[in-house]
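Before any comments, here is the structure.
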Amino acid sequence: MLSARCKHAGGIKMIFPEMKGKRVESALLDQWARSWLKQKGYRRFPNRSPLLRPDKCQEMIDYFHALCGADWSYGGYLEDRSVIWRGNYLAQSKNYTHLGVDFNAPIGTAVAIDTRAQVVLVDDDTPLIGGWGNRVMLRVQGQEIVLIYAHLSAKVLCKLGDTLTPGTVIGYVGDPSQNGFWYPHTHVQAMRMDRYREFKKKPNELDGYGAEKDLRRLVRDFPNPMSWARAQ
C-alpha cells in the first residue's frame with residue numbers, strides 16, 4: 001500500500017519551480033520496493049535487487065506516482081534502504097541509512113535553491129557507479145551548514161564563489177549516466193561545517209549513506225536538509 005501524502009504544488013516556489021502539479025510527500029523507496037517486489041511475484045527478496053537497475057527503479061516510481069496522481073515526489077531522510085540496495089556495494093559495509101532527501105522528477109527538470117548561499121564546490125565524479133555525478137555544494141549564509149545538491153546534469157549553472165539567492169536555478173536533474181547509474185533524481189544533503197572541513201581533507205570518504213550503529217553521530221553531522229531545501 002502506498003504510504004505517502006499527496007498535495008498540489010500550485011505556483012509556490014520550490015526545488016522544482018517548473019513542476020506545478022501534485023507531489024508525493026514522504027516517498028519511502030524501501031517501503032515502495034517491498035510492495036513492488038511482492039506485486040512482481042517475488043516470494044522473498046532477491047539476493048540482488050532488480051531495482052538497482054535505473055529503468056526498473058524508474059518504473060516503480062512511475063507506478064506509485066500514477067497511483068497517487070502525482071507528478072513528482074520527495075523523501076527518504078534517515079530511511080533504511082536495505083531492500084532496494086541488496087547486492088550493491090553498500091551490502092558489505094551495511095551503510096543502508098540514507099543521509100539526504102531524494103527529489104524524484106524527470107530528467108532535465110530545473111533544480112532551484114531555497115536559501116541564500118555561496119557556492120563552495122562544483123565537481124563531478126562521472127562515470128563512478130554509485131557516485132555523486134555532477135555535484136554542487138553551497139554554504140548557507142550566516143549558518144554553519146553546507147548543502148549538497150547531487151546527481152545534476154552536466155549543465156551546471158553556477159560556479160565556485162557565486163553568491164546565490166532563493167529561487168536561483170543551479171542545474172537540472174541528470175540522467176542515469178550522470179548520477180552514479182541509478183534512476184533520475186536530485187539528492188540533497190545537509191552537512192555541518194566541521195564535517196565539511198573533514199570532507200575537504202578526505203573527500204573520498206563522504207557518502208550519502210551511513211551505518212545505523214552510527215546514527216547519533218550521523219544525525220549531528222548531517223541534519224535534515226528540509227530545513228534549507230523546502231519543497232514548498
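The values are calculated or read from the model by the stated rules, or taken from the named source; none is laboratory data. All figures in this text were calculated on a predicted structure; none of them were measured in a lab. We place every Cβ from the backbone using ideal geometry, glycine too, and count neighbours over all the protein chains shown.
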- Message: Return the residues of segment 144-180 that are over 23 Å from residue 57 (Cα atoms), free of Cβ contacts under 8 Å to residues at least 60 places away in the same chain and in a loop (DSSP other than H, G, I, E, B); say none if nothing qualifies.
- Response: 144, 155, 156, 157, 158, 159, 160, 161, 162, 165, 168
- Of all residues in segment 99-122 being assigned to a loop (DSSP other than H, G, I, E, B) and touching a Phe, Trp or Tyr at 6+ places or on another chain (Cβ under 6 Å), the one that is surrounded by the most Cβ atoms within 10 Å (Cβ to Cβ): 99
- State whether one or more residues within segment 85-100 are among the hydrophobic types (A, V, I, L, M, F, W, C), assigned by TED's automatic domain parsing to the domain that holds residue 14 and closer than 17 Å to residue 58 by Cβ. yes
- Note on the structure: Every listed condition ((1) within 19 Å of residue 181 (Cβ to Cβ); (2) in contact (Cβ under 8 Å) with a residue 60 or more places away in the chain; (3) buried (at least 16 other Cβ atoms within 10 Å of the Cβ)) holds for residue 134 save (2)
- For segment 38-81, name all the residues that are hydrophobic (A, V, I, L, M, F, W, C) and within 27 Å of residue 16 (Cβ to Cβ). 51, 52, 57, 60, 61, 64, 66, 67, 68, 70, 72, 78
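Every residue in segment 200-225 that is of a type in the set (A, V, I, L, M, F, W, C) and crowded, with 17+ Cβ neighbours inside 10 Å, please. Let's see the steps before the verdict.
Restricting attention to segment 200-225, the residues satisfying the condition of being of a type in the set (A, V, I, L, M, F, W, C) are 206, 211, 215, 218-219, 222.
206, 218, 222 - these are the residues of segment 200-225 that are of a type in the set (A, V, I, L, M, F, W, C) and crowded, with 17+ Cβ neighbours inside 10 Å.
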- Note on the structure: Checked segment 1-55 for anything within 28 Å of residue 166 (Cβ to Cβ), assigned to a loop (DSSP other than H, G, I, E, B) and at pLDDT 85 or above; matches are 15, 16, 17, 18, 19, 27, 28
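One line per residue, one yes/no per condition, for (1) among the charged types (D, E, K, R); (2) buried (at least 22 other Cβ atoms within 10 Å of the Cβ); (3) farther than 18 Å from residue 224 by Cα:
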site	(1), (2), (3)
147	no, yes, no
156	no, no, yes
159	yes, no, yes
169	no, no, yes
177	no, no, yes
- Message: What's the number of the only condition in (1) surrounded by fewer than 22 Cβ atoms within 10 Å (Cβ to Cβ); (2) touching a Phe, Trp or Tyr at 6+ places or on another chain (Cβ under 6 Å) that residue 23 fails to meet?
- Response: (1)
